[in-house]
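**Q** The structure follows.
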Amino acid sequence: MSNPLQVLGGITAEQFLNEYWQKKPLLVRNAMPEIINILEPDDVKELALEETVSARLIKQKDKDPNQWSVKSSPLIKGDFQKLPKLWTLLVQAVDHYSFDLAELWKEFPFIPQWRRDDIMVSYAPKGGSVGKHFDFYDVFLVQGYGHRRWQLGQMCDESTEFVPEQPLKLLPEMDIHFDEVLAPGDLLYVPPGLSHYGVAEDDCLTFSFGFRMPNIATMMDRVSDKFADNSLLKNPLLDVVRDEVAKIGEITSNELAYLKAKVLEQLQHSNDFEHALMSLMSEPKYPDNLPEADEIEADDLLEIIDTGYELRLEPASRLLYTLDDGQLLFWANGEECCISEQFESLLKQLADGESLVFDQSFNDAEILEDIAQLLNESVLMLLPSDEE
Ligand code: SIN
Ligand code: CO
């Protein structure tokens, strides 16, 4: 953890996490040269036309660039005919379509996988932008092609007001204190809440490595669903506390406290809580991006051991683990994974983002059964080693 990292401009992950993460922006020149030309503008346009892709086409009127419109996917060829001068195409989860891009998450080993969202790409011609705005999430903006001018302004929050009657949450003003042009390979970290405005200097692609953060309302929702499904908890509670009341309309604070204590007791002493959270955190954001797997059996796998394959995580899947009383528990795509003990340490490596050569270390009947199941569920994938 303490090595200086090129992606952070030579500072260590500790320093970045202490001084910048969720606090202030960081510009790093030539942070990620590997991203240059992985995709070109035409690839992004082509991808945006695919049926399952989540994309948005943002346009500004020629006559009045302050008038914005947004067309969400599915996009069709006709959407790209007769475009105004200023437009931006946003395509979500491009890391699910390009292994080379998905590999670049490894540049951020200091942020756990469960906090990752997806890599979005924006494509705009000269002058194109998505307007002055802020996001509630952390983002690393990495220039992949062409140039983009980024301006940063004031911190914003829930109370910040937006330009009325526009389909995007745009800021009327920005108090600019940063103004730089990013070239291919350059990176700008923008913390949550910081206003930003990126304008294409030429035909440009910007990749947003976005992170997600849980919120209490969603977690509560999941936890309560999990408890509500538990039939044991449907038993009526006896009147352990029965205060004498002077007025029958009253529920005493004692009685309320007892009922609350019963709920809290369940929350504290039941595994349902952890299950609900692990299920939520391991849910894929774009389940439609999970490929349909070709059914495979353990015997088929046995035949291809040592023939030049690699096992790795399917980029659209989420595989997480947690240590519970010394025992590793795995969750994939919202479901608990029950696997054999022998497979645990290998699956842990896969969840940690490693690609593993499919060799004799997998030659075990139970391990092969586990792998077949995870391949059939599109949690894992097998690739010929030279298809890197
Ligand atoms: C963009 O790349 O134009 C938008 C990314 C962002 O502002 O978060
Ligand atoms: Co933004």
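**Q** Within region 1-113, which strands (runs of 3 or more DSSP E) (wholly inside it) include 2 or more residues that are acidic (Asp, Glu)?
**A** Of the strands (runs of 3 or more DSSP E) lying wholly inside region 1-113, none has at least 2 residues that are acidic (Asp, Glu).
**Q** In region 152-175, how many residues are over 11 Å from residue 132 (Cα atoms), in contact with a Leu (Cβ under 9 Å, 6 or more places away or on another chain) and in a loop (DSSP other than H, G, I, E, B)?
**A** Within region 152-175, residues that are over 11 Å from residue 132 (Cα atoms), in contact with a Leu (Cβ under 9 Å, 6 or more places away or on another chain) and in a loop (DSSP other than H, G, I, E, B) number 3.
Okay, residues lined up against (1) touching a Lys or Arg at 6+ places or on another chain (Cβ under 7 Å); (2) of a type in the set (Ser, Thr, Tyr):
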| position | (1), (2) |
| --- | --- |
| 254 | no, no |
| 266 | no, no |
| 272 | yes, no |
| 287 | no, no |
| 295 | no, no |
| 307 | no, yes |
| 317 | no, yes |
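**Q** Hey, another quick one. Filter region 138-149 down to residues that are more than 9 Å from ligand 1 (Cβ to nearest atom) and not β-branched (Val, Ile, Thr) and give me whichever is farthest from residue 41 (Cα to Cα).
**A** Once the filter is applied, the top-ranked residue is 138.
**Q** Only one of 162, 140, 178 is more than 24 Å from residue 7 (Cβ to Cβ), among the aromatic types (Phe, Trp, Tyr) and within 16 Å of ligand 2 (Cβ to nearest atom). Can you tell me which?
**A** After applying the criteria, what remains is 162.
**Q** From the list 214, 192, which one is surrounded by fewer than 19 Cβ atoms within 10 Å (Cβ to Cβ), within 16 Å of ligand 2 (Cβ to nearest atom) and within 26 Å of residue 55 (Cβ to Cβ)?
**A** 192
**Q** Does residue 323 meet the test of being loosely packed, with under 13 Cβ neighbours inside 10 Å, out of contact with any strand residue (DSSP E or B) (no Cβ under 7 Å at 6 or more places or on another chain) and not in a loop (DSSP other than H, G, I, E, B)? Outline the logic, then answer.
**A** On the way: loosely packed, with under 13 Cβ neighbours inside 10 Å: yes; out of contact with any strand residue (DSSP E or B) (no Cβ under 7 Å at 6 or more places or on another chain): yes; not in a loop (DSSP other than H, G, I, E, B): yes.
Answer is yes for this residue.
**Q** Among 87, 150, which is modelled with pLDDT of 95 or more, in contact with a Gly (Cβ under 7 Å, 6 or more places away or on another chain) and within 16 Å of ligand 2 (Cβ to nearest atom)?
**A** The match here is 150.
The values are calculated or read from the model by the stated rules, or taken from the named source; none is laboratory data. Since the model is a prediction, treat every value here as computed from it, not as a measurement. A quick note on method: Cβ atoms are made from the backbone with ideal geometry, for glycine too, and the neighbour counts reach across all protein chains shown.
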